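Structure first, commentary second.
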Amino acid sequence: IIRDFSVKVKPGMKVAIVGPTGAGKTTLINLLMRFYEPNSGYISIDGVPTREMKRSDVRQLFGMVLQDTWLFSCTVEEHLRYGNQNATLDDIKKAAKSSNVEHVIEALPKAYKTMISEDSDNISAGEKQLLTIARAMVADPPMMILDEATSALDNTSEKHVQKEIEKLKSEYDTTIISIAHRLTTLQNCDEIIVIDKGKIVQRGTFDQLSNTPGIFQDMKNGVLK
């Protein structure tokens, strides 16, 4: 599915992967997380090929926020602490504030002690997405994968979350790998990599690609979905 693909991402960079449906974006994420193994070539972290690492060790290096949210059956506090059992309640509240979900949690019957689950009907799709973003922030991983992570958010919440993601990048040197179509998500990226049919067809900054005829410009102008 993915061929002739070579990318080097430095610590603290924010890189976006974009392309039409079926281009190979999700497959790339699955390879990063070692859900699949490459038939040839390799992926390395700090110079160590991931195939020489334990899968659990690779996955602990990444925080992951997907378009399709998933919640555990537990309290809000337990849910947000899932990726970092040593997190304090203050750490959890800080992440909730950063992800713009603090007011939602405090409006729940027992706030952080409220039981939630995947079937909770008192939390909207956008609020569930904010909870998963907060969960990833509490885990504080060196690398964060955002796969359409703000697709269910309104513009105000999305802008707030993007601002906090920028803070993760600048203050904590978190490496961000983002799959997204919203222009606000792409504008502050250090590099945008455009793939089609498993190959890199364009790469550059938002301004560079916006002024270059090709798939990115077509996507930006709404010509290509």
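For region 1-44, divide the Cα radius of gyration by the Kirkwood radius and give the resulting Rg/Rh value with two decimals. Ratio of gyration radius to Kirkwood radius for region 1-44: 0.94. On the principal axes of its alpha carbon atoms, region 1-85 extends 45, 31, 26 Å, with the longest extent given first. Site pair N30 and K113 shows an inter-label distance of 4.3 nm when each label is modelled 7 Å from Cα along Cα→Cβ. Full extension of the chain between Q217 and R3 gives 74.7 nm of extra length, using 0.36 nm per residue less the Cα-Cα distance.
Going by Cα centres, region 195-225 and region 61-115 are how many Å apart? First find each Cα centre; the distance between them is then 35 Å. Length gained on full extension, L61 to D46: 4.3 nm, using 0.36 nm per residue less the C-alpha separation. Which of these, L66, L130, L80, has the largest mean-square fluctuation under a Gaussian network model of the chain (Cα springs below 10 Å)? Residue with maximal mean-square fluctuation among L66, L130, L80: L66. Pairwise alpha-carbon distances in the chain exceed 25 Å for 42% of all pairs. Accessible surface calculations at 1.4 Å, restricted to protein heavy atoms, place the chain at 53 Å² per residue. Note on the chain: with neighbouring protein chains present and a 1.4 Å probe, carbon and sulfur make up 48 percent of its accessible heavy-atom surface. Name the long-range amide H neighbours of K14: under 5 Å, sequence gap of 5 or more, or other chain; modelled H, no Pro or chain starts. The answer is I176, D190, E191. Shown is the FRET efficiency for E78 and D207, computed with R0 = 30 Å from the Cβ-Cβ distance and rounded to the nearest 0.05: 0.10. Taking amide H atoms as placed 1.01 Å from N in the peptide plane, the amide H of Q202 lies under 5 Å from those of V194, each 5 or more residues away in sequence or on another chain. Mean projected area of the Cα convex hull of region 49-118, taken over all directions, amounts to 5.9 nm². Sequence-distant contacts, meaning Cα pairs under 8 Å at least 6 residues apart, place the relative contact order of the chain at 32 percent.
Please grab the % of Cα pairs in region 15-148 that end up more than 27 Å from each other. When every Cα pair of region 15-148 is considered, 29 percent fall beyond 27 Å.
The values are calculated or read from the model by the stated rules, or taken from the named source; none is laboratory data. All values derive from a computational prediction rather than experimental measurement. So basically every Cβ, Gly included, is an ideal-geometry build from the backbone, and we count neighbours across all protein chains shown. Ligands, DNA and RNA are stripped out before the accessible areas are found, and what is left, the full protein with its side chains, is counted by its heavy atoms. Shrake-Rupley method; radii C 1.70, N 1.55, O 1.52, S 1.80 Å.
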